[in-house]
Structure formats: C-alpha cells, structure tokens
Amino acid sequence: METAIQILTRYWGHTSFRPLQHEIICSVLDGNDTLALLPTGGGKSVCFQVPSMMKEGICLVVSPLIALMKDQVENLRQKGIRALAVVSGMSRYEVDVAFDNAIFGNYKFLYLSPERLISAYTKARIEKMKVNLIAVDEAHCISQWGYDFRPPYLEIAEIRSLHPDVPVIALTATATPEVVSDIQKRLLFKKENVLQKSFERKNLSYIVLNNEDKIAKLLDILHKVNGSTIVYVRSRKAAKDVAVTLRQNEISAEFYHAGLQTDERNKRQLSWLHNEVRVMVATNAFGMGIDKPDVRIVIHLDMPDSLEAYFQEAGRAGRDEKQAYAVLFFNEDEIKMAEQRFRLSFPPVYTIRKVYHALGNFLQIPDGSGLGVSYDFDINEFSSHYQFDTLLAYNSLKILEMDGYLSLSEAISLPSSLMFTVNSMELYKFQIQNPALDYFIKTILRSYSGVFDEFVKINEKELAVRAAIDLSAVIKNLEFLSRSGVMEYRKQTDKPQLTFLAERIASKDLQVSRDSLQIRKERFQVRQSAVIRYASTFHRCRQIMLLNYFGEKMETRCGSCDYCRSRNKLQLSEAEFETISERIKAIVMIKPVVLSEMVKQLNLPNEDKTLSVIQWMLDNDHLSYNPENKSEIRWVE
C-alpha cells in the first residue's frame with residue numbers, strides 16, 4: 001500500500017485512508033471483483049480512483065448522476081489528473097473527440113452515463129481502450145430490486161466481455177441483502193466479494209415527529225438547535241414557500257430545486273456551503289456529492305418514497321462525527337398522500353402510449369429516427385402543450401425509461417466549449433485570409449490551452465474583455481468560425497436532457513410489459529410500506545430498525561433516537577426494563593388484567609419502577625385499556 005498512500009498524499013493531500021478504503025483498494029489491486037458498501041460521505045470515489053492511478057490504462061466509470069460526474073471530472077482535473085466525461089447533450093463530434101482522447105490521449109478516467117453503453121458505437125470504441133478498471137457508481141441501479149433500477153446498467157455485463165480480465169468495482173451507499181446479491185449476479189462477479197462498512201452512525205439521532213403543524217414545529221427545532229440545516233420537501237412550490245416563511249421568522253434560509261437557472265443554483269449552493277445561509281430548503285435535487293461536514297440537522301417535512309433514499313439524505317448530517325439530528329415528520333395524512341402518489345406513479349398503458357406519441361410529435365422526430373439523439377426537454381412545457389397532468393406525464397416517461405426507450409437526465413449545466421477542427425498550419429492560413437479575425441483567434445489561443453486536442457470550457461464574457469470587443473461580437477465571431485469549419489463551438493445549456501435510446505416507433509407498437517409493470521408496482525409498495533412502518537413505529541430503536549432493514553443485525557439501542565430518549569427517562573437499566581416488561585407481557589398475553597392486580601402479580605420490590613414501565617408500554621402502544629372493560633389492561637401486539 002506504500003504506492004497507494006503516496007498517490008493519496010500527492011493528489012488528495014491525505015496521509016491515511018478512511019475506514020475500509022484500504023481493504024477495498026487492496027481487493028481491487030488483487031484483481032478481485034468488489035462490491036463496496038460505504039454510507040454517504042464514506043469516500044467511495046477514492047476507492048476506484050487511487051487503484052486506477054496505480055495501473056497503466058484508463059478507468060471506465062459508469063454513473064447515472066451527470067452533475068456528480070461533471071464535478072468529479074473537474075475535481076480530478078484540478079488535481080492534475082486527466083479525466084473526461086461523455087454524457088447526454090454532447091454533439092456527435094464532441095463524443096468522437098472524447099473517445100479518441102480516451103483511446104490515444106493518455107487519460108486516466110472516462111465517465112459514462114449508462115445510456116451510452118447501449119450504443120454499438122460506444123462498445124466498439126471501448127474495445128480499443130486500454131481499460132484497467134470498470135467502476136460502477138450507484139450500483140443499486142443495476143438491480144431490479146433496487147429503488148432506482150436503470151435498464152441501461154444491464155449493458156455493463158456486455159462491456160465486461162470486451163475486457164474479460166479487467167476487474168469491476170461496484171459502489172453504493174445503500175443496499176438491502178437482496179440487492180447486494182443481485183448486484184453481484186448482474187455484474188457477473190467471478191466470486192462473491194462484499195466489503196461493507198457498518199451503517200451505524202453513533203453521532204446521528206433519528207427522530208420521528210407526529211405533528212400536525214409542521215411549520216410551527218420546524219421553527220421550534222431551528223430555534224432550539226443551531227447550525228447548518230437541510231430541509232427536504234417534495235415540491236418546488238413547497239421549497240420556496242417554506243424558505244419564505246423561515247425568512248419571515250428571522251431564520252436565514254434559501255430554496256433550491258432543479259427548475260432554477262444554473263448560475264442561481266450554484267450561487268445558492270455556495271452561500272449555504274460557506275455558511276452565509278443557514279437553512280437550505282430543497283427538493284431531492286440538492287445534496288448529491290456535496291461534502292459539507294458541519295450539517296447539524298437534516299429534516300424531512302414530507303415522507304420519502306423509500307428508506308434507501310431517506311438513509312442517504314439523512315446521512316448528510318453530522319459527517320464531522322459531532323452530534324447531529326435526522327428528523328422525519330409523519331402523520332396519518334402522509335399515508336393518504338402516499339397512496340395517491342402510488343396511483344400516479346403507474347399510469348395505465350394507454351396513457352403511456354399517448355405520452356410517447358405526443359413526445360415524438362413535440363420533439364418532431366419522424367418514425368424510425370431519433371436513436372441516440374439528445375434533446376433539451378422541459379416537462380412542464382410539454383405537459384402544458386398537450387394538457388397532460390405533469391406528474392402522470394413524468395411517470396409515463398419514467399416507465400418508458402425503465403423499458404429502454406429513452407433516458408431522462410436532471411437539469412444539467414453544460415458550459416460553453418470550443419475546439420479547433422483544423423491543425424495549426426491550416427488555422428494560420430485562415431487567419432491570413434481573414435485578417436479581421438486574426439486578433440480574436442490569437443486571443444483564444446492565448447487564453448485556452450489544448451484547443452486543438454479537446455473541447456475546452458470557455459466564458460464568452462471573459463473572452464470579450466480579453467479581446468476588447470462586446471459580448472455579441474464574441475458570439476458572432478465564434479458562430480462564424482464554427483460555420484467556416486475551423487472550429488466546433490457549443491453554447492452553454494442548462495436544460496434537462498431527454499435521449500432516445502431506440503428509434504421512434506408507432507405508439508401502437510410500443511411494448512410495455514404488464515408483468516414487468518406489476519413487479520415494479522409490487523416493489524414500490526414494499527419500499528413505501530417499509531417507510532410507513534418505520535415512521536409509524538414508536539416502540540423500537542430507530543437505528544436498529546434502519547440497520548436491520550439493510551441486513552445489519554444490531555440489538556443494542558442507540559440511546560439517542562426518539563424511542564430511546566423516552567426509554568431513558570424511565571431511569572431504568574436495560575436489564576431492569578427488559579425483565580419487568582417481559583413479565584408484564586407474560587401476564588397480559590393470557591388475558592386482560594386490572595392494573596392493581598397486575599402490580600400484585602408482579603410482586604416486584606420497587607412499585608414505582610413497575611408503574612413507570614407499565615405507563616411507558618401504554619404510551620408506546622404495547623398495552624392498551626380493554627374497550628370492553630376500561631379498568632383492565634390488555635396486550636396489543
């Protein structure tokens with residue numbers, strides 16, 4: 001590991017690995033297929049980046065999170081490590097250049113979105129690369145039992161056949177035992193090999209609040225607990241409304257969602273990261289890949305769809321190992337809303353076909369066309385144009401995505417970029433023939449390196465200052481150079497991308513598997529039921545419930561969740577509580593018993609402790625008064 005430590009120190013500035021990183025890296029270097037389970041903030045990327053840096057060749061990184069891919073590529077480049085990404089929204093020429101550089105350009109990392117793997121062209125290009133490692137991020141996406149199954153991930157098995165001796169490292173923050181097994185099967189692991197860090201977070205207190213007035217309680221929490229906070233809500237409107245309410249109550253707050261312009265999102269994120277804003281109210285578009293160690297509270301005002309999503313989002317609190325809180329609001333209305341979301345999440349087949357047909361017309365794609373093409377796509381504009389319910393339209397598109405017809409990506413920021421498509425001699429001749437552009441071209445060459453080899457990010461405003469011309473003239477010149485064939489110029493975009501993964505077909509020929517749809521419904525209901533069960537159970541330790549869900553057996557209470565706090569108030573030892581509660585249970589399970597008679601039967605030396613346990617069991621729904629005889633107590637489980 002000496003070389004690994006040297007690389008870690010040189011590029012990341014650390015002199016030792018975090019827990020389990022060392023073991024994962026050793027496993028990969030030994031050529032083993034490896035599934036790494038590390039909770040949010042556990043340092044997953046280093047586990048594939050360091051071993052790849054130690055070997056000749058390039059690492060293929062498959063990830064569905066385009067924003068995170070872009071961040072990782074940028075971070076690697078800042079460290080002096082050559083990395084690039086191929087994502088939806090790039091032109092065919094940009095993709096060609098990227099693949100050429102991956103094959104011939106001595107790059108160390110190529111990030112790919114999963115839909116790229118479907119293309120025969122991509123596979124042909126990958127076959128020519130000297131691949132040293134295949135890294136699969138968010139690996140739960142390959143499992144049909146996972147909460148975010150992505151059919152394009154299944155193509156990774158075919159990529160393996162192109163480089164059969166190259167190991168695979170799969171990484172995820174959350175996976176049930178069922179998903180852990182499925183990941184390894186679908187990635188064709190040569191042998192089972194799971195390295196897992198405990199999901200236990202000793203410094204994180206899990207709290208569930210059954211409260212009708214959420215905003216009043218939210219304000220109460222924020223006034224009692226200081227520090228940086230994330231508040232998760234379901235809708236963009238709620239994000240804005242809650243942030244406004246917090247500001248009206250003199251709490252520094254901002255809101256964040258994918259519908260904001262890229263510059264505005266970045267500005268708000270930075271202000272929160274630098275503690276200029278205390279509370280970020282956001283949809284789940286916020287937080288992925290953000291490493292802010294001092295978050296004290298993560299609050300879910302609305303019930304999430306799965307415990308996997310909740311665990312990841314809650315895990316953004318307390319990464320500095322200091323006391324932090326994960327708070328989930330829950331009431332009976334949440335169950336009704338969950339049932340409604342379930343109905344909207346699985347539109348009937350005729351609705352899916354209708355949405356697919358409208359989509360082809362909206363994007364003006366003829367039958368038999370569209371394969372591999374990415375389009376800027378605004379779901380609200382589309383829904384409004386065809387008078388669809390936005391949520392029904394979105395969920396119809398998600399089902400089409402699961403069946404491999406298309407791919408949807410979040411709103412992404414693709415900055416302006418350019419590359420000269422002629423060599424330096426041909427460019428020189430062009431400058432002689434077009435003297436009016438000579439100084440402008442020289443300014444580009446002085447401002448950006450590598451413009452003959454790859455697409456480089458540019459800022460038109462900065463270029464205008466350097467060239468001493470106005471912004472409109474810069475854009476006009478760049479567009480002229482692009483039309484003249486000496487340059488490829490791509491303007492910035494920050495819209496969501498929709499990519500067709502198959503040629504458009506007649507909607508009547510659309511194959512939507514009812515069996516597959518039924519399986520997805522059942523899996524959705526299982527995950528939703530797990531969240532409801534977690535939120536509505538008030539007689540078990542929260543941390544134990546979460547760890548057991550992810551297959552980690554733990555019997556010792558955390559001592560800090562809402563359940564444990566109520567238990568701690570009894571001032572009883574664990575052994576005393578268990579002894580008394582078990583004896584109570586043995587009595588009342590036979591038949592309901594009057595309180596005084598129960599105390600008499602127990603015959604314990606400290607009657608106050610006995611009454612405290614009985615009261616606690618009544619408060620937490622282990623016991624209840626018999627509706628047929630109100631003086632008697634009965635067992636309710």
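Of the conditions (1) under 30 Å from K202 (Cα atoms); (2) assigned to a helix (DSSP H, G or I); (3) at pLDDT 90 or above, R316 clears all except one; give me its number.
Exception for R316: condition (2).
Just to be sure, is I221 of a type outside the set (D, E, K, R) and under 26 Å from V531 (Cβ atoms)?
Criteria met by I221.
Mind telling me which of the residues L408, L427 ends up being within 29 Å of R236 (Cβ to Cβ), surrounded by 15 or more Cβ atoms within 10 Å (Cβ to Cβ) and outside the structural domain of R92 (by TED's automatic domain parsing)?
Of the residues listed, the single one that is within 29 Å of R236 (Cβ to Cβ), surrounded by 15 or more Cβ atoms within 10 Å (Cβ to Cβ) and outside the structural domain of R92 (by TED's automatic domain parsing) is L408.
Considering the stretch 174-185 alone, what residues qualify as being surrounded by fewer than 22 Cβ atoms within 10 Å (Cβ to Cβ) and either in contact with a His (Cβ under 6 Å, 6 or more places away or on another chain) or in contact (Cβ under 8 Å) with a residue 60 or more places away in the chain (or both)?
T176, P177 - these are the residues of the stretch 174-185 that are surrounded by fewer than 22 Cβ atoms within 10 Å (Cβ to Cβ) and either in contact with a His (Cβ under 6 Å, 6 or more places away or on another chain) or in contact (Cβ under 8 Å) with a residue 60 or more places away in the chain (or both).
Hey, does the stretch 348-365 have a residue that's farther than 30 Å from V281 by Cβ, out of contact with any helix residue (DSSP H, G or I) (no Cβ under 8 Å at 6 or more places or on another chain) and of a type in the set (S, T, N, Q)?
yes
Assuming M288 fulfils every condition listed in (1) part of a loop (DSSP other than H, G, I, E, B); (2) in contact with a helix residue (DSSP H, G or I) (Cβ under 7 Å, 6 or more places away or on another chain); (3) more than 26 Å from G42 (Cβ to Cβ) apart from one, which condition is it?
With respect to (1) part of a loop (DSSP other than H, G, I, E, B); (2) in contact with a helix residue (DSSP H, G or I) (Cβ under 7 Å, 6 or more places away or on another chain); (3) more than 26 Å from G42 (Cβ to Cβ), M288 is out only on (3).
Condition test on I399, is it surrounded by 17 or more Cβ atoms within 10 Å (Cβ to Cβ), touching a helix residue (DSSP H, G or I) at 6+ places or on another chain (Cβ under 8 Å), free of Cβ contacts under 8 Å to residues at least 60 places away in the same chain and not assigned by TED's automatic domain parsing to the domain that holds Y107?
So I399 fails the test.
Pairs please, first residue from the stretch 95-124 and assigned by TED's automatic domain parsing to the domain that holds A157 and modelled with pLDDT under 90, second anywhere and of a type in the set (D, E) and assigned to a helix (DSSP H, G or I), Cβ atoms under 8 Å, 6+ apart in sequence or on different chains.
Short answer, once both residue conditions are applied: P114/E155; L117/E155; L117/E158; I118/E155.
Mind checking which residues of the stretch 453-493 are in a loop (DSSP other than H, G, I, E, B), of a type in the set (D, E) and farther than 26 Å from R82 by Cβ?
Within the stretch 453-493, D470 is the sole residue that qualifies.
Is it true that some residue in the stretch 239-252 is touching a helix residue (DSSP H, G or I) at 6+ places or on another chain (Cβ under 6 Å) and among the hydrophobic types (A, V, I, L, M, F, W, C)?
Checked against the condition, which is being touching a helix residue (DSSP H, G or I) at 6+ places or on another chain (Cβ under 6 Å) and among the hydrophobic types (A, V, I, L, M, F, W, C), the stretch 239-252 yields at least one hit.
Name, by its number, the condition in (1) surrounded by fewer than 17 Cβ atoms within 10 Å (Cβ to Cβ); (2) over 24 Å from V73 (Cα atoms); (3) in contact with a helix residue (DSSP H, G or I) (Cβ under 7 Å, 6 or more places away or on another chain) that does not hold for S447.
The single condition S447 does not satisfy is (2).
I'm trying to understand the selection: among the residues of the stretch 82-113, which are under 22 Å from the mean Cα position of the chain (by Cα) and not in a loop (DSSP other than H, G, I, E, B)?
A83, L84, A85, V86, F109, L110, Y111, L112
Looking at the stretch 319-436, what strands (runs of 3 or more DSSP E) fall wholly within it and have at least 3 residues that are modelled with pLDDT of 90 or more and more than 28 Å from R523 (Cβ to Cβ)?
Where strands (runs of 3 or more DSSP E) fall fully within the stretch 319-436 and carry at least 3 residues being modelled with pLDDT of 90 or more and more than 28 Å from R523 (Cβ to Cβ), they are 417-420.
Kindly indicate whether Q511 is of a type in the set (S, T, N, Q), loosely packed, with under 14 Cβ neighbours inside 10 Å and not in a loop (DSSP other than H, G, I, E, B).
No, not satisfied.
Within the stretch 58-65, is even one residue over 27 Å from L498 (Cβ atoms) and surrounded by 15 or more Cβ atoms within 10 Å (Cβ to Cβ)?
Yes, the stretch 58-65 has at least one match.
Pick from S484, S516: which is of a type in the set (S, T, N, Q) and more than 29 Å from the chain's Cα centre (by Cα)?
Answer to the check: S484.
Suppose we filter the stretch 162-201 for residues that are in a strand (DSSP E or B) and in contact with a Phe, Trp or Tyr (Cβ under 6 Å, 6 or more places away or on another chain); how many remain?
1
What are the residues in the stretch 531-553 that are surrounded by fewer than 18 Cβ atoms within 10 Å (Cβ to Cβ) and either among the aliphatic types (A, V, I, L, M) or in a helix (DSSP H, G or I) (or both), if any?
Within the stretch 531-553, I532, R533, S536, N548 qualify.
Among the residues of the stretch 602-621, is any aliphatic (A, V, I, L, M) and more than 23 Å from C564 (Cα to Cα)?
Yes.
Just to be sure I understand, how many residues within the stretch 560-586 are among the aliphatic types (A, V, I, L, M) and surrounded by fewer than 16 Cβ atoms within 10 Å (Cβ to Cβ)?
The number of residues fulfilling the criteria is 3.
Can you say whether L76 is surrounded by 17 or more Cβ atoms within 10 Å (Cβ to Cβ), modelled with pLDDT of 90 or more and of a type outside the set (V, I, T), as far as the supplied structure shows?
The answer is yes for L76.
Being within 19 Å of the chain's Cα centre (by Cα) and surrounded by fewer than 16 Cβ atoms within 10 Å (Cβ to Cβ) is the filter here; which residues of the stretch 271-303 pass it?
L273, G289, D291, P293
Out of the residues in the stretch 100-110 that are buried (at least 21 other Cβ atoms within 10 Å of the Cβ) and touching a Lys or Arg at 6+ places or on another chain (Cβ under 8 Å), state the one that is nearest to A139 (Cα to Cα).
Ranking the candidates gives F109 first.
Can you find, within the stretch 610-637, the residue that is modelled with the highest pLDDT among those that are among the charged types (D, E, K, R) and surrounded by fewer than 16 Cβ atoms within 10 Å (Cβ to Cβ)?
Filtering first and then ranking leaves E628.
The values are calculated or read from the model by the stated rules, or taken from the named source; none is laboratory data. Note that this is a predicted model, so its numbers are computed, not measured. So basically every Cβ, Gly included, is an ideal-geometry build from the backbone, and we count neighbours across all protein chains shown.
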